[in-house]
Each structure stands twice: as structure tokens, then as C-alpha cells.
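Scroll down for the structure; my scribbles are underneath it.
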Amino acid sequence: MRLFYCLELPDAVRNDLARLSREFQVRVRGGTWVAPENLHVTLRFLGEVGEDLLPSLEGLGQNAALRVEPFELFLDRFGAFPHPGRARVLWVGPIRDSAPFAILAQQVEEGVQALGFPPERRLAHPHVTLARLRIPQDLTSVIGGAAPPVLQARVGALTLMQSDLRPKGPLYRPVARWALGGGDRGV
Ligand code: 3AM
């Protein structure tokens, strides 16, 4: 199974992001746009994983989720990876660093490395991918010309998500979900 840890977003925030995405779709050609129901914040991509690892991955998620209380993630800037001048990924994210996000990401990273996953070299950067561009584009003026987003998402849980790749786009299904700071939200 293909898995990743992520933060799910409230419906209202996904709806707002979907509207912003549609505005960009008019101006940016050649992108693969993330479906509104799939908009999320990735913490750690795991890739293809054997089912035998699930209990360990679930224990890890539970432990990590206990380390932080529910928090507000601001989504107040547009950006691009690797950079706007040569964009491959268009995203929305916070202007300021998010300490709870960084703690969660670090907990998960340490946990997966302890399970034998190779280290993720890049620091996890909180973002919601809106689009991926097969051919890199200069989005400097598109991003610079857009009114900054003013969104805020209440993050109450950590999710282990399964991704099934299909020709019409991935299908995401939560495998497990843990309330931040404890409690039980189930799936
Ligand atoms: O939320 P984003 O878009 O940053 O790009 C994929 C997405 O991240 C990423 O995992 C998230 C859920 O699919 N992803 C997909 N394949 C990947 C890979 N081989 C990958 N990240 C790293 N390596």
C-alpha cells in the first residue's frame, strides 16, 4: 500500500482553496490540479509499504499526535517549489513557521527512520499543493499578482493516508487518524 502521513483540512478551508485554485487555473496552463477533496498538508510521504508495517506506523502516528495540541495553521501565502521562477509545484502555505507542524514532522521523521525508512533530506515545509507542473514555469508574476490568501485551518488530528493511483487522479483513503493531544477521533 502507498502511504503518507498528512494533516487533513476542514471542508470550508478546502472549499476556499478550491476557489483559489480555479482562479489560478485560468492563468496557469499545463498544470495537474489537485481535486478539492484531495487538498491536504503532507507531513511525510512513505511510498509503497508492506502491510506488516502498519501496526508500527500506527503506533508511531499515535505517539507523534500526543506530542502537540490542536493548532491553527495559517495559509496566507502562495509559493512554488523549487522556486516561483521555475515552478513545478504551486502551493498555499503559512508565511510564518509553524512550531506544532515542525514538532509533528520531526516526531514522524524520527519514527519512520527508526523503522528503517531512509531519511528525508529536505525539511518538511507545511504547504497545500494546488498544482503540479510537468514542465517548470515562471510563475513569479502570477504569484506576485495574486491577492494573498487569508485562510486559517484548525488542525485537530494526524492522519495516515492511503493513496491509490488511478488514471483520473489519486484516491486518498484515511487508514488511521489520531486526535492531537490525545483523545480518539477514529477513522
Ligand atoms: O502534498 P504534496 O503535494 O507536497 O507530491 C506528493 C504529495 O506531496 C508526495 O506525497 C504527497 C502525497 O502524495 N509524493 C508523491 N510521490 C513522492 C515521492 N516519490 C512524494 N514525495 C516524495 N517522494
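Miscellaneous remarks
- Restricting the stretch 21-45 to residues that are open to solvent by 20 Å² or more (accessible area, probe 1.4 Å) and hydrophobic (A, V, I, L, M, F, W, C), the residue that is nearest to the chain's Cα centre (by Cα): F45
- Matching residues in the stretch 68-98 - criterion: being of a type outside the set (A, V, I, L, M, F, W, C), farther than 21 Å from W33 by Cα and either touching a Cys at 6+ places or on another chain (Cβ under 6 Å) or surrounded by 15 or more Cβ atoms within 10 Å (Cβ to Cβ) (or both): S98
- All positions within the stretch 68-100 that are in contact with a helix residue (DSSP H, G or I) (Cβ under 9 Å, 6 or more places away or on another chain), within 14 Å of the ligand (Cβ to nearest atom) and aromatic (F, W, Y): none
- Residue count for the stretch 120-153 satisfying the condition of being more than 18 Å from the chain's Cα centre (by Cα) and free of Cβ contacts under 8 Å to residues at least 40 places away in the same chain: 3.
- Just so you know, in the stretch 154-170 the residues that are touching a residue at least 60 places away in the same chain (Cβ under 8 Å) and open to solvent by 100 Å² or more (accessible area, probe 1.4 Å) include one that is farthest from the ligand (Cβ to nearest atom), and it is R154.
- Some residue of the stretch 116-138 being within 22 Å of L39 (Cβ to Cβ), touching a Lys or Arg at 6+ places or on another chain (Cβ under 8 Å) and among the basic types (K, R): yes
- Count of residues meeting criterion [more than 17 Å from F45 (Cα to Cα), away from the ligand (no atom under 16 Å from the Cβ) and either of a type in the set (D, E) or open to solvent by 30 Å² or more (accessible area, probe 1.4 Å) (or both)] in the stretch 110-153: 11
Let's see how each residue does on (1) in contact (Cβ under 8 Å) with a residue 24 or more places away in the chain; (2) part of a strand (DSSP E or B); (3) among the aromatic types (F, W, Y); (4) touching a strand residue (DSSP E or B) at 6+ places or on another chain (Cβ under 9 Å):
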{"position": "D16", "(1), (2), (3), (4)": "yes, no, no, yes"}
{"position": "V41", "(1), (2), (3), (4)": "yes, yes, no, yes"}
{"position": "L57", "(1), (2), (3), (4)": "yes, no, no, yes"}
{"position": "G61", "(1), (2), (3), (4)": "yes, no, no, yes"}
{"position": "V92", "(1), (2), (3), (4)": "yes, yes, no, yes"}
{"position": "D97", "(1), (2), (3), (4)": "no, no, no, no"}
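- V175 vs. criteria within 16 Å of the ligand (Cβ to nearest atom), open to solvent by less than 30 Å² (accessible area, probe 1.4 Å), closer than 20 Å to L60 by Cα and not in a loop (DSSP other than H, G, I, E, B): no
The values are calculated or read from the model by the stated rules, or taken from the named source; none is laboratory data. Please read these numbers as outputs of a predicted model, since none were measured by experiment. Cβ atoms come from the backbone with ideal geometry, glycine included; neighbour counts cover every protein chain shown. In case anyone asks, the SASA skips ligands and DNA or RNA and just uses the protein heavy atoms, side chains included. Shrake-Rupley method; radii C 1.70, N 1.55, O 1.52, S 1.80 Å.
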